[in-house]
Structure formats: structure tokens, C-alpha cells
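Down below is the structure, laid out as C-alpha cells.
The values are calculated or read from the model by the stated rules, or taken from the named source; none is laboratory data. Note that the structure is a prediction, hence the values are computed from the model and not measured. Here the Cβ is made from the backbone with ideal geometry for all residues, glycine too, and neighbour counts use every protein chain on show. To get the accessible areas, we keep the full protein, side chains included, count just its heavy atoms, and leave off ligands, DNA and RNA. Shrake-Rupley method; radii C 1.70, N 1.55, O 1.52, S 1.80 Å.
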Amino acid sequence: MRKIKTILVGQSGGPTAAINASLAGVIRTAYSHNLRILGMRNGIQGFLEGRVADLTQALNLASSPNTAEQNFRLLRNTPSSWLGSCRFKLPEPDENPSFYQRITMRMNELGIDAILYIGGNDSMDTTDKLSHYFANTGIDVPVVGIPKTIDNDLEGTDHTPGFGSAARFVATVTAELTRDGGVYDTKNVTFIEAMGRDAGWLTAAGALAGDICGTAPDFVLLPEVPLDEEVLLARIKARLAEKNNVMVVVSEGVHRVDGSFLFDSGSVATDTFGHLAAQSGTAAYLSRLTKTRLDVKSRGIELNTLQRCASHEASKVDLDEAEALGAAGIEAVLRGETGIMVGIRRLADTPYTTEICTVPVADVANKVKLVPADMISSDGFNVTEAALRYLRPLAAGAEEPIIVDGLPHFLGALDERHTLQA
């Protein structure tokens, strides 16, 4: 096994409020082992374009322990992907070996000894392909995946960093909108659209509003359950006969029995992985339908990218676990492990107890973890207590923000001066 001296880390896919906490864990642990730490600018795509930054210099780690610690804290609490991101699908290694030879040549130029890639399903595909190519060509460079996604749809881990903070945000906003919707003595229906292309984990988190304000959403609509609009309208009408304010949390990916989406999917482009790139409009559609058919006031609220960047609602549990997984990634490559993803195994709900585990990344890449049947109500219109037991500890605990002049403070953008020359 080669001695690890220089590690390369990248971030890919949609950002989260916790993805930089994982990066902080990688850098902090690598620095403690006296490793050189390089960062891909805009993921594997930026790396191929020659955009790599020296992160030890960028974070000014060698200046003083206090400065280093301050910058680690700022990085941990800064939303979005500090290194930048991409959505870039690698070809199959067997079909395009020259592509991987370009990667190898660039790695040799920089003296890369190990690669860590932080991301979701598609990023684990990148991790899998790189480790597969290296193994088949005798290149001794370990590659380890570090999970993240607000969608929580990665196999191989109980949950993913980024999800807990987004879940906390969705639950809080749902509770706030519930209170707002009950102000007037009139009939009204509010649809809150949460992200979740294939899996409804984030939408399910809206049910935690019941813990916050005492009133849970009337309906929680997940993509795991095909929706019959006529049945939904009948259920809403019946609920309006009992109360004035009806709250519905709906996933962007909810679809009909025939598989068609409620939004106009024909107008949405796809990314390089074949996924719809801007999947939204479900809440607006249902709001218009309800207003027309039931003749009541209705509004559709799309939470959109706020779910993944609302660091003011970050879960401390989420940030702690994200940073721990970043550290675990470094420890794994130092042990010579490759082709794996570090993950979280839940041992108990109460008290919440977990341990870090590793899984073959091939078992994770391009797979989707759906909300299980026992967490969905029998009628398909809400979630069960089992879902709430699963969700509660992940959204728990607030992270104290770093305050400067009375306002939250983030780490500034990565300076181009620290980008190495190609």
C-alpha cells in the first residue's frame, strides 16, 4: 500500500447546509495527519479542466491554531458547496479508457494519492467508476465516497448528511405557515411543495410541524404513493367541512397512477444523468385545481432551493454527523480502503445512538432508497408514528451561528488565487 501524502477532495450534485461540514471534517483530519489537501473546483468536471485549489493555503491553516479553528468553524457553518459543484456523468471505464487516462495523467501531475468525493447518488456513481478503473488498471489510489443529499434517498446509510437540516427547515416552515393560514375565519387550503424527485423523505418531515405548533399537516403526499386527484379533492372537501385551514405538504415528484407528473414535465430539461433538472410546480397545480373545483382560497408555496441552503435552521446533529463522516473518509483511505462509502448505522431511536459504517459504493450508486411502507399511512395520505420516530432525532438540536455585528457570518468564497496552475 502506497504512503498517502496528498489527498484530493471534491463536492458534487446539489448543495446542502451540511456539505461543508463534511469538507471541514476531511480537511481537519487530513491536516492533523500532515497531509497535503487539494480541492476540486466544481467537482470532477473542474478537475478535468485543471481547476484545483490548495486548501491548506485557502483556509490559512498554517498561520495559527486559532485562525485554523476559526476557519474550520466558519466552513462548517457555511451553506452551499464551498468548492463548487457539477453534474457530470463519467463514461463507463471499459467504453472510454482514454477519458480515465486523462484523469490519471492529471493525478500524476499533482501527486494525488487518494480521492474523496462528497455527494449523492450520482456522485457515488463517479466514486464507483473511478475505483473500478483504478482497481482494474493496477493504480493504487483509494477512492472513498462521503454521502450527502437533502433527499435522503441513498442506500447504505440510515440517513444522509444534509437531510436533517433540510428536514428541520421544512418542519419549521410548515408549522409557521400553519399558524399563518389560521389567522382569518375563512376557508383556505395551503399546499407546501418540498423537494424529492423519487423519494418523499423530505416531504414526510413536514409532519414534524405537529411537534412544533401542535397541529400536524392534514395530508402528506409522497411520490411513493400514486395520487388520484379526485380522491384528494374529496378528502380536502371533507376536511374543510370540519375546519377552516387545511395544510397539505406535497413532494415535487408526486405522480398519477399512470406515472405522469402533476407539473408540466414536457417543459423541463434533463441533466446528464437523465434526471429532470427543474422539477417543480406540483403545489401550484394543486392549488389552482382546488381553487377552481372547490371554490375556496388556496395557495401553493414552493420551498425550492431554500431547503438546501437554509443554514439558519441547520440541525446540530446533522452538522456533527457530516463532519464525522468527512473525518471517517480520511481514516478509511489511510487504512487503504477503496470503492466504499462511509455511512451511518442507527442503533437506537431513544436515546438516539449511531455508529459509522462502510459499504461497497457499488451497492449504493444509482439506487434510490424509498420511504418504507410502515412509515406511510394505510390510506397513503399521511405518515405514521414510525416515520416521526425516525425523523425526530435527525432534525434535533440547533447549531449556534457565528455572529459578527449582530448577523450570521459565513466563510467567503474560495479565492481564485489558491487555484493551482494547470
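Does Thr215 satisfy being touching a helix residue (DSSP H, G or I) at 6+ places or on another chain (Cβ under 9 Å) and either within 30 Å of Pro360 (Cβ to Cβ) or in a helix (DSSP H, G or I) (or both)?
Against the criterion (touching a helix residue (DSSP H, G or I) at 6+ places or on another chain (Cβ under 9 Å) and either within 30 Å of Pro360 (Cβ to Cβ) or in a helix (DSSP H, G or I) (or both)), Thr215 does not qualify.
Could you look through region 385-399, keep only residues that are in a helix (DSSP H, G or I) and open to solvent by 40 Å² or more (accessible area, probe 1.4 Å), and pick out the one that is nearest to Ala373 (Cα to Cα)? Please lay out each step first, then the result.
Filtering region 385-399 down to residues in a helix (DSSP H, G or I) leaves 385-395.
Then drop every residue that is not open to solvent by 40 Å² or more (accessible area, probe 1.4 Å), which leaves 385, 389, 392.
Details: Glu385: 12, Arg389: 15, Arg392: 18 Å.
Among residues in region 385-399 that are in a helix (DSSP H, G or I) and open to solvent by 40 Å² or more (accessible area, probe 1.4 Å), the one nearest to Ala373 (Cα to Cα) is Glu385.
When His132 is tested against the conditions (1) open to solvent by less than 10 Å² (accessible area, probe 1.4 Å); (2) within 30 Å of Ile44 (Cα to Cα), the lone failure is (1). Can you find a residue that is over 18 Å from the mean Cα position of the chain (by Cα), open to solvent by less than 30 Å² (accessible area, probe 1.4 Å), in contact (Cβ under 8 Å) with a residue 12 or more places away in the chain and over 21 Å from Glu224 (Cα atoms) anywhere in region 340-355? Yes; the residues of region 340-355 include at least one that is over 18 Å from the mean Cα position of the chain (by Cα), open to solvent by less than 30 Å² (accessible area, probe 1.4 Å), in contact (Cβ under 8 Å) with a residue 12 or more places away in the chain and over 21 Å from Glu224 (Cα atoms).
In region 190-201, the residue that is surrounded by the most Cβ atoms within 10 Å (Cβ to Cβ) out of those that are in contact with a helix residue (DSSP H, G or I) (Cβ under 7 Å, 6 or more places away or on another chain) and of a type in the set (Gly, Ala, Ser) is Ala194.
When Gln101 is tested against (1) free of Cβ contacts under 8 Å to residues at least 12 places away in the same chain; (2) of a type outside the set (Asp, Glu); (3) assigned to a strand (DSSP E or B), just one condition goes unmet, and that condition is (3). Pairs are defined by a Cβ separation below 6 Å, a sequence spacing of at least 6 or placement on different chains, a first member in region 356-382 that is at pLDDT 95 or above, and a second member that is basic (Lys, Arg) and surrounded by fewer than 19 Cβ atoms within 10 Å (Cβ to Cβ); the pairs so defined are Cys357/Arg345. Every test in (1) modelled with pLDDT under 95; (2) farther than 23 Å from Ile139 by Cα is passed by Ile27 save one, and that test is (1). Every residue in region 283-300 that is buried (at least 18 other Cβ atoms within 10 Å of the Cβ) and among the β-branched types (Val, Ile, Thr), please. Scanning region 283-300 gives a single hit, Thr290.
Of the residues making up region 175-209, those that are farther than 20 Å from Arg235 by Cα, under 24 Å from the mean Cα position of the chain (by Cα) and not in a loop (DSSP other than H, G, I, E, B) are Ala175, Glu176, Leu177, Ala194, Trp201, Leu202, Ala205, Leu208, Ala209.
Among the residues in region 85-94, are any touching a residue at least 12 places away in the same chain (Cβ under 8 Å) and crowded, with 22+ Cβ neighbours inside 10 Å? So far as region 85-94 goes, yes, one or more of its residues are touching a residue at least 12 places away in the same chain (Cβ under 8 Å) and crowded, with 22+ Cβ neighbours inside 10 Å.
Evaluate region 106-127: report whether one residue or more is over 25 Å from the mean Cα position of the chain (by Cα) and of a type in the set (Phe, Trp, Tyr). No: zero hits.
Checked against (1) open to solvent by 30 Å² or more (accessible area, probe 1.4 Å); (2) without any contact (Cβ under 8 Å) to a residue 12 or more places away in the chain; (3) not hydroxyl-bearing (Ser, Thr, Tyr), His33 meets all criteria but (2).
Candidates are the residues of region 220-242 that are farther than 21 Å from Met375 by Cβ and free of Cβ contacts under 8 Å to residues at least 24 places away in the same chain; the one that is surrounded by the most Cβ atoms within 10 Å (Cβ to Cβ) is Arg239. Scanning region 302-339 for residues that are farther than 22 Å from Ile402 by Cβ, open to solvent by 60 Å² or more (accessible area, probe 1.4 Å) and in a helix (DSSP H, G or I) returns a single hit, Glu331.
Looking only at residues of region 167-189 that are farther than 22 Å from His312 by Cβ and not aliphatic (A, V, I, L, M), we find that the one that is most open to solvent (accessible area, probe 1.4 Å) is Tyr184.
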